[in-house]
Amino acid sequence: MSASVASRRIADRRVPRPERYTIVALFFLSTALCYIDRVSISVAIIALAEEFHFDAAAQGIVLSAFFWGYLWPQLLGGWMADRFGGHRVLAFGVAVWSLATLLTPPAAAFSLAALLAARVALGLGEGVNFPAIHSLTARWTLPTERARVIALNFSGMYVGTVLALTAAPTIILHLGWPAVFYISGGAGAIWVGAWLARAAASPEGSRRVTPAELTLIVDNRAADARASWVPWARMIREPAVWAIVIAHFCSNFGFNILLLWLPTYLKHTFGLTLERVGFYSLIPWIATFVAINLSGWTSDWMLARGFSCTFVRKLMQGLAFSIGALPLIVIPTVHSPGAAVALVTLSASANGLSQSAYGVNHLDIGPSYAGILMGLSNTIATIPGIAGVAAAGLIVQLTRSFAGVFYMIAAVYALGLVGYLTWGSGERKL
C-alpha cells in the first residue's frame, strides 16, 4: 500500500460523524421509549386487574387515561420548542413521563385514582415529544434528508410497540408486572442524562458540531434559529395547514383502531389462541417500520432528482390512503387469519407512507414553526384515540361483526385523501 493511500485512509477515519446524526438517533430512541411506556400497560393491565380486582369498566378507564393528559400539552410544547429550544422541552417531557412510569406501581398499590393520575402524567409528558422533535428537525437537519429523518423518528413508534408487546409478557412472568414500569422508567432516566450531555437547541449551540457541518446546516436551513413571533392568524387561515391536520387525523384514526382492536378481532373472528394472536398482531407493525423508512428515503431521492415537493408529498399521501383503504374493504370477505393479517399488514404499512407526506409537511410549509404546527395537528389527531376507538367498540357491540369497523376506517381514509389532494402543498407558506 502506498504512503498516499495509507494517509488518506487515516484521514478518513479521523473525519467525525456528523453531530446531527447523533441528535437524530437520540430522538428516535425517545420516540421508541415513548411507545414502550405507552403500550406496556396493555399487557400489564391483565395482571393489574387480577391483583387489584379491576372490572372491565375500570380497565377501560385506566387504558384511556393516557389520552386525557396527552391531548393538552401539544400546542404549548410546540410553541415552547420553537421559541425557547426543543432540546429542553424534549428533556422535560421524557423526565416527566419516565417519572410517571416509575411511580405507576406504587400508585396502583395506593388507589385507582392515583394510578389514573400517573397515567395522565405519562400523557402530559409524552404530549411534547413529537412537537419538540419536529422543531429540532427543522433546525438540525438538511432539507434533502428531512423525509427520512422524520420517517425514522416515526418508525420508533413501531419499534417501541413491538418491544413492549414482546418483552412485557416475559418480564411479567419472571419479575412481576411492576418490573415492566421500573425497567422502562429507568431507561428513560438514562436517556435524559445522555440527552442533556449531548443535545442543543440548534447546531449553533453545540460544541460538537464541526465548522463545516455548521456551515452546511445553516446555509441550507429555512427555519429561524428561534421563532420570536408566531403568525397565528395566517396559520389558522392557511389551507395547507388544514390539509396536514385532516391527513394526520385520518391516518391516526386507522392506526389507533387497528393497533388496539386487531388482537380482539383475530380472537373474536377466528378463535385464535392468545399466543397466535400475539404473533399475528406484531406482523403489521414490523412491516410498517420497514415501509416508513423506505418511503422516507424514496421521498428524499425524488426531491434530489428534481420532483417538486408538492408532487412528492401528494404522491406519498395518495398512496398511503388509497392503498390503505382498499384492503380494509376486502377483509370482511376472507375466512382465514393469515389472509386477514396479510390484508391488515398491507393497509397498515401503506398508511405508514403518510409519514413522508403529512408527517414531514409541517417542515415544508412553515419550518420556523414546525413544532407549533405539529402540536396543532397532533392535538386534533389525538381525538381518534378516544372517539374512534370507542366508536369501533360500539359498532362491534351493535353488529357483532368487525366489518363495519373496517368500512369506517376506509371511509375516513377516503376523506383524508380528498382533503390532502385538494389543499396540500409542499411550498413554504408561513
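Bear in mind that the values in this text are calculations on the coordinates, not laboratory data. Keep in mind that this is a model prediction, so the values were computed, not measured. Note that each Cβ is placed from the backbone with ideal geometry, even for glycine, and that neighbours are counted across all protein chains shown.
Specify the residue with the greatest mean-square fluctuation among Thr170, Thr345, Thr137, computed from a Gaussian network of the chain linking alpha-carbon atoms under 10 Å apart.
Thr170
Where is the GNM fluctuation largest for the chain (alpha-carbon springs, 10 angstrom cutoff): Gly193, Gly160, Gly366?
Gly193
Going by average Cβ neighbours within 10 Å, how do the peptides 123-130, 275-282 rank, with the highest at the top?
123-130, 275-282
Got the relative contact order for the chain handy, in percent, Cα pairs under 8 Å and 6 or more residues apart?
That works out to 25 percent.
At R0 = 35 Å, how high is the FRET efficiency between Ala212 and Ile286 if r is their beta carbon distance? Nearest 0.05 is fine.
0.40
Between region 188-215 and region 245-318, what is the separation of their alpha carbon centroids in Å?
Taking the Cα centre of each part, region 188-215 and region 245-318 sit 31 Å apart.
Grab the DSSP H runs of the chain that are 4 residues or longer, score each as -39,500 (n - 2.57), total them, divide by all residues and round the 222 nm result to the nearest 500 deg cm²/dmol.
-27000 deg cm²/dmol
Please give the length that would be gained between Phe110 and Phe84 if that part of the chain were fully extended, namely 0.36 nm times their separation in residues minus their C-alpha to C-alpha distance (nm, one decimal).
5.6 nm
For region 233-430, compute Rh as the Kirkwood radius over C-alpha pairs and then the Stokes-Einstein diffusion coefficient at 25 °C and 0.890 mPa s; write the answer in µm²/s, rounded to an integer.
Answer from the Stokes-Einstein relation: 143 µm²/s.
Hey, quick one: spin label on Thr166, modelled 7 Å out along Cα-Cβ, who in region 324-345 has an amide N within reach, i.e. under 14 Å?
none
Compare the peptides 174-187, 140-153, 76-89 by average per-residue count of other Cβ atoms within 10 angstrom and give them in order, highest first.
Output ranking for 174-187, 140-153, 76-89: 76-89, 140-153, 174-187.
Would you list the membrane-span-like helices of the chain, meaning whole DSSP H runs whose alpha-carbon atoms span at least 18 Å along their axis and whose mean Kyte-Doolittle value is at least 0.5?
Going by DSSP H runs, the hits are 19-52, 56-70, 86-110, 112-126, 146-175, 177-198, 239-270, 274-304, 309-330, 337-351, 403-423.
If you count, for each residue, the other Cβ atoms within 10 Å and average over each peptide, how do 329-336, 413-420 line up from highest to lowest?
Packing order, densest peptide first, comes out as 413-420, 329-336.
Quick one: if you stick a label point 7 Å off each Cα along the C-beta vector at Thr264 and Ile386, how many nm between them?
Here the answer is 1.9 nm between the modelled labels.
Pairs of alpha-carbon atoms within less than 8 angstrom and 6+ residues apart define the contacts here; what relative contact order does region 233-430 have, in percent?
In percent, rounded to a whole number, it is 41.
Figure the gain on full extension for Arg305 and Arg234 (residue separation times 0.36 nm, minus the Cα-Cα span) and round it to one decimal in nm.
22.4 nm
According to a simple spin-label model (label point 7 Å from Cα along Cα-to-Cβ), what is the distance in nm between Phe52 and Arg276?
3.4
Provide the net charge surrounding Asp224, with neighbours chosen by a C-beta distance below 10 Å and charges set as Lys +1, Arg +1, Asp -1, Glu -1.
+2
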